[in-house]
Amino acid sequence: MMAARDLARDAAPQILPLRLEGVGYAVRGQPLLHGLSLTIRSGRRLMVMGANGAGKSLFLRLCHGLIEPTAGRRLWASGEARAEAQAMVFQRPVLLRRSVAANLAYPLALKGMAGPERRDTVARTLDRFGLAPLADRPARLLSGGEQQRLALARAWAMRPQALFLDEPCSALDPSATLTIEAMIEGFATEGMTIVMTTHDLGQARRLAEDVAFLHRGRLIEHGPADAFFAGPETPEARAFLAGDLIW
Amino acid sequence: MKQTRRVILSAASGLALLAAPPAAAQAFITVSSTTSTENSGLFGHILPIFTAETGIEVRVVAQGTGQALETGRRGDADVVFVHARAQEETFVADGYGVQRFDVMVNDFVIVGPADDPAGLKQAPDAAAAMAAIAGTGASFASRGDDSGTHVAEKALWEAAGVEPAGGWHLSTGSGMGATLNTAAQAPAYALTDRGTWLSFRNRGPLEIVFEGDPVLFNPYGVILVNPARHPHVKAAQGQAFIDWIVSDVGQAAIASFTVGGEQLFFPSVE
Amino acid sequence: MDSPFATAFSLIASGDAALMQIIGLSLRVTLTAVLVACAVGLPLGAALALAAFPGRGAVIVAFNALMGLPPVVAGLVVYLLLSRSGPFGSLALLFTPTAMILAQTLLILPIVVSLTRSVVEDLWAEYREQLRSLGASRLRAAPTLLWDGRVSLLTGVLAGFGRASAEVGAVLIVGGNIAGHTRTMTTAITLETSRGELGLAVALGIILMALTLALNAAAWGAGQWARERLG
């Protein structure tokens, strides 16, 4: 089964690395992101960090293609304007008012996956994430942790090469947070590229391979996590890591 | 534009099929008539006899005479069956109808509160009765809807030399029954055909206070809508209905209709 | 005069064929009108919520205003269209149940469209990013939003049903209140009132209310069930 899955992923065009070249985003002439240039490499776990309002969520939406840059270029390796093989999990996932299984099936149907294969994928996803007992439950009535687990499972079932996560644990208790982190690590082990925002330093240390640090809409540090946590180059990052309030 | 029309037409026909009654397709004609004939129950009595004899179903749309004639003028009925002689003659003269036939008569009566404040029970004739109402300030409930009854009422006011205007003249703008309901409430006098009155249940304090003047004579006519003007008119079946209703059998059916043992309509074919 | 309730009860108990025919026709006409209004109004309302085009605001305001369309006017419009002297006279639909369905559809449609637009617009605000992320186009989002808004939409459909089943002005004009053919509960009530048979009229009104009550109770129950099941 795993072999078939990997085969399918290999068959899709490689979308990574994703290159941003001088990307900016402005609303009514008000710049919110500017001069972002970086390359998101395949198979890495990138944590996007920064204070509230630094532009982390916007950055993620811009990469994912929910908003378009007003300056610069966003280039997927596959040459697609908006890469197909990507998914995103939101801070508060929107689950459809239907069963858990139907929530998993929905994006697969959108991708045009045929009925039998779709049912197969849904069953496999339910099994893999321990959701099988909840399959027929209405998704909206699950606990917060279960809902986020379903949102991640839904993203996984879409077989993305890149997965964007926007503060996926900010509304969860510690045990649910651990479950979600374990899922994310599992995805990474399978070779999925992870781009995630968090303001939880402990979580960032646990999950990061690379770090991008945003400050007031600018990317001021970007590199391997070890180096960032050991010795940040900018005073803003140093203050952030020290737990000082910065803005 | 033409194409749009065609699309709408075919969509509507589809809908028509969807909504078609399960009953087998049967020959039917549409008769626009007056509330007085329908409400009295006359049609319920005579139409089954006609349908049993001919296999033609008769669908009666009961309206005020003015509206019933308009329905015929627009070609939405095959036969009109009303009581407003002058208007009927105009209808035929203008080419909307083929020919008018006398069918039957009933009469108008004036109803009013039993204590009769305007003293109509002593009136020598209909014009005097109407003048009495206007003179005493008692109320009068009028159809006000250009129906046959309303037309007759206006003729009576004219004969009485009274301008029907002012707070005492309540124009209901509705059917005979609704007007009688208003009169019973007010209470007020009202002009009504005897048929509607006899089958009317909500009389309250009302009773007949004047009747019998020959001017209250109320002739009904039946007219085939002119197929030369409206080619879709079911002329053969419509004429069959007219032929039947003026025949001995049809006239006998009209004569045999009674309410509370009283005959309402009197055959008028010589 | 007997109590109208007693009259209503004995009418139903007797299983009077004419009454059953009238009830059957009323339900057939109104339910068909609701069905047609939904078939047209749900997609139209969703389109109004999701599409951006010049004059959209005017269309929305027009549909909102049409919710107050007097039934008599709706009836007159359909009458003039379907009359033999009107543009669609050749269809011979005047004084038929189909004409009544058309008139009632005209009455219900604005309610369905306006409510659908409002429900779908609210849901779209909530779902927009997620659906785009999952790969749904606006066109594909429309059925999703309609389905997810089904409990709220049911309320609007019921309001439409209520308006249609209660109205008399439109069906009287375009149906003609022909005995055994286009006589519905409401036109029968009008007729019995005009005959001074007030007890019978009220009895018919009680039966109509009982039917409406039963349908609303069923819909409310279904809505509650769905709310509990689907969140």
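The values are calculated or read from the model by the stated rules, or taken from the named source; none is laboratory data. Remember, predicted model here, so these are calculated numbers, not experimental data. Note that each Cβ is placed from the backbone with ideal geometry, even for glycine, and that neighbours are counted across all protein chains shown. Protein only, heavy atoms only, side chains kept; ligands, DNA and RNA dropped before computing areas. Shrake-Rupley method; radii C 1.70, N 1.55, O 1.52, S 1.80 Å.
Which one of B:L180, B:P164, B:P214 has its Cα pushed farthest toward the positive end of the charge dipole of the stretch B:107-216, where Lys and Arg give +1 and Asp and Glu give -1 at the Cβ?
B:L180
Sum up the charges of everything whose Cβ sits under 14 Å from the Cβ of A:L32, counting Lys and Arg as +1 and Asp and Glu as -1, but leave A:L32 out. Mind showing how you got there, number by number?
Working: positive: A:R28, A:K56, A:R61, A:R216, A:R218; negative: A:E68.
Residues close to A:L32 contribute a combined charge of +4.
For chain C, list the DSSP H helices whose alpha carbon atoms reach 27 Å or more along the long axis and whose average Kyte-Doolittle value is -0.5 or above?
Values: long enough: C:17-50 (48 Å, 1.94); C:97-134 (47 Å, 0.62); C:198-230 (47 Å, 1.15).
Going by DSSP H runs, the hits are C:17-50, C:97-134, C:198-230.
Given H placed 1.01 Å from N in the peptide plane, which residues other than close sequence neighbours of A:V211 have an amide H under 5 Å from its amide H?
A:M47, A:G223, A:A225
Place +1 on the Cβ of every Lys and Arg and -1 on the Cβ of every Asp and Glu in the stretch A:123-247, take the dipole about the Cα centre, and give the residue among A:P138, A:L219, A:P235 whose Cα lies farthest towards its positive end.
So the residue furthest toward the plus end is A:P138.
Given the -39500 (n - 2.57) contribution per DSSP H run of 4+ residues, what per-residue ellipticity at 222 nm results for chain A, rounded to the nearest 500 deg cm²/dmol?
Computed ellipticity for chain A at 222 nm equals -11500 deg cm²/dmol.
Per residue, how much accessible area does the protein assembly as shown have with a 1.4 Å probe, in Å²?
Working: 31460 Å² over 748 residues.
About 42 Å² of surface per residue is accessible.
Treating the beta-carbon of each Lys and Arg as +1 and of each Asp and Glu as -1, no other charges, what is the dipole magnitude of chain B about its Cα centre, to the nearest 20 debye?
On the way: 16 positive and 27 negative charges, 251 e Å.
Dipole of chain B, to the nearest 20 debye: 1200 debye.
Using a probe radius of 1.4 Å on protein heavy atoms only, what is the accessible area buried between chains B and C, both sides summed, to the nearest 100 Å²?
Heavy-atom accessible area buried at this interface is about 2600 Å².
Name the residues of the stretch B:47-91 whose accessible area falls by at least 50 Å² when all protein chains are present instead of the chain alone, probe 1.4 Å?
With the partner chains in place, the stretch B:47-91 has these residues losing at least 50 Å²: B:R59, B:V61, B:R74, B:D76.
Looking at C:T184, C:V174, C:Y127, which one has the Cα that reaches farthest to the positive end of the dipole of the protein assembly as shown (charges on Cβ: Lys, Arg +1; Asp, Glu -1)?
Result: C:Y127.
Under a Cβ-Cβ cut-off of 12 Å, what is the net charge of the residues other than A:E21 that fall near it, where Lys and Arg count +1 and Asp and Glu count -1?
Working: positive: A:R19, A:R73, A:R74; negative: none.
So the surrounding residues net to +3.
Among the aspartates and glutamates, which fall within straight-line cross-link reach of A:K111, defined as a Cα-Cα distance under 13 Å, with same-chain neighbours fewer than 8 residues apart omitted?
A:E84
Please work out the FRET efficiency for the pair C:Q21 and C:A166, using the Cβ-Cβ distance as r and a Förster radius of 25 Å; give the result to the nearest 0.05.
Values: r = 20 Å, r/R0 = 0.79.
E between C:Q21 and C:A166, to the nearest 0.05, is 0.80.
Determine the residues within the stretch B:193-213 where the difference in accessible area between the chain on its own and the full set of protein chains amounts to at least 10 Å²; count protein heavy atoms only and use a 1.4 Å probe.
Listed by number, the residues meeting the 10 Å² cut-off are B:S199, B:F200, B:R201, B:N202.
Average partner chain C-beta neighbours within 10 Å, per residue of C:125-133?
Average neighbour count from other chains, rounded to a whole number: 6.
Determine the dipole magnitude for the protein assembly as shown: charges of +1 sit on the beta-carbon of Lys and Arg, -1 on that of Asp and Glu, nothing else is charged, the reference point is the Cα centre, and the result goes in debye to the nearest 20.
Dipole magnitude for the protein assembly as shown comes out near 3800 debye.
What percent do you get for the relative contact order of chain B when only Cα pairs under 8 Å and 6+ apart count?
Details: 495 pairs, mean separation 71.7, N = 270.
Contact order relative to length: 27 percent.
If I model a spin label as a point 7 Å beyond the Cα along the Cα-Cβ vector, how far apart are those points for B:A252 and B:F217 in nm?
In this crude spin-label approximation the distance works out to 2.7 nm.
To the nearest 100 Å², how much accessible surface do chains C and A cover up together, summed over both, with a 1.4 Å probe?
Working: alone 12100 and 11650 Å², together 21730 Å².
Summed over both sides, the interface buries about 2000 Å².
Would you please classify the overall shape of the stretch C:134-231 from the alpha carbon gyration tensor, given that a ≥ b ≥ c denote the square roots of the eigenvalues, rounded means a/c under 1.5, and beyond that prolate means a/b larger than b/c while oblate covers the rest? Working shown, then result.
Numbers: a/c = 5.11, a/b = 2.19, b/c = 2.33.
Because a/c hits 1.5 or more and a/b fails to exceed b/c, the stretch C:134-231 counts as oblate.
What's the FRET efficiency of C:A58 with C:A218 using the Cβ-Cβ distance as r and R₀ = 56 Å, to the nearest 0.05? Mind showing how you got there, number by number?
Numbers: r = 37 Å, r/R0 = 0.67.
Computed FRET efficiency for C:A58 and C:A218: 0.90.
Taking square-rooted eigenvalues a ≥ b ≥ c of the alpha carbon gyration tensor, is the protein assembly as shown rounded, prolate or oblate, where a/c under 1.5 means rounded and, failing that, a/b exceeding b/c means prolate? Before the final figure, lay out the partial values.
On the way: a/c = 3.36, a/b = 3.08, b/c = 1.09.
Taking the square roots of the gyration eigenvalues as a ≥ b ≥ c, the protein assembly as shown is prolate.
Net charge around B:R143, counting only other residues with Cβ within less than 15 Å of its Cβ (Lys, Arg = +1; Asp, Glu = -1)? Don't skip to the answer; put the middle values down first.
Details: positive: B:K154; negative: B:D145, B:D146, B:E153, B:D193.
Spelling it out: positives minus negatives among the neighbours equals -3.
Quick check: pseudo-label points 7 Å beyond the Cα along Cα→Cβ at C:F5 and A:E21, how many nm apart are they?
8.3 nm
Residues of the stretch A:69-109 with the amide nitrogen closer than 18 Å to a label point 7 Å from the Cα of C:E228, along Cα-to-Cβ, please.
The answer is A:98-99.
Quick one: which residues, 5+ away or cross-chain, put their amide H under 5 Å from the amide H of B:A114? H built at 1.01 Å from N.
B:E207
What's the carbon and sulfur percent of the protein assembly as shown's accessible surface, probe 1.4 angstrom, rounded to a whole number?
That fraction is 60 percent.
When the helices in chain C are scored as -39500 (n - 2.57) per DSSP H run of 4 or longer and the sum is shared across all residues, what 222 nm value do you end up with, to the nearest 500 deg cm²/dmol?
Numbers: 10 runs with 184 residues, N = 231.
So the calculated ellipticity at 222 nm is -27000 deg cm²/dmol.
Could you list the GluC sites (Glu not before Pro) in the stretch A:163-221 that lie in coil according to DSSP, counting only those with at most 15 other Cβ atoms within 10 Å of their Cβ?
Working: sites: A:E181, A:E185, A:E190, A:E209, A:E221; in loops: A:E190, A:E209.
Taking the stretch A:163-221 and a limit of 15 other Cβ atoms within 10 Å, the loop GluC sites (Glu not before Pro) found are A:E190, A:E209.
Assign one of three labels to chain C, namely rounded, prolate or oblate, based on the Cα gyration tensor with a ≥ b ≥ c the square roots of its eigenvalues; rounded applies when a/c is under 1.5, prolate when it is not and a/b is larger than b/c, and oblate otherwise. Numbers along the way, then the final one.
On the way: a/c = 2.89, a/b = 1.59, b/c = 1.81.
Taking the square roots of the gyration eigenvalues as a ≥ b ≥ c, chain C is oblate.
Measure nothing fancy, just the Cα-based angle from helix B:148-160's long axis to the longest principal axis of chain B, in degrees from 0 to 90, nearest 10.
30 degrees
Restricting to chain A, compute how many DSSP beta bridges are antiparallel as a %, nearest 5. Show your work: numbers first, answer last.
Working: 19 of 36 bridges.
Antiparallel bridges make up about 55 percent of those DSSP assigns within chain A.
Could I have the simple spin-label model distance between C:L211 and A:A230, label points 7 Å from Cα toward Cβ, reported in nm to one decimal?
Using points 7 Å along Cα→Cβ, the separation is 8.3 nm.
Excluding residues fewer than 8 places away in the same chain, name every one of the aspartates and glutamates whose C-alpha is closer than 19 Å to that of B:K234.
Filter leaves B:E53, B:E57, B:E70, B:D76, B:D78, B:D243.
Would you jot down the residues in the stretch B:151-181 that end up with at least 20 Å² less accessible area in the complete protein assembly than in the chain alone, with a 1.4 Å probe?
Hits at the 20 Å² cut-off: B:N181.
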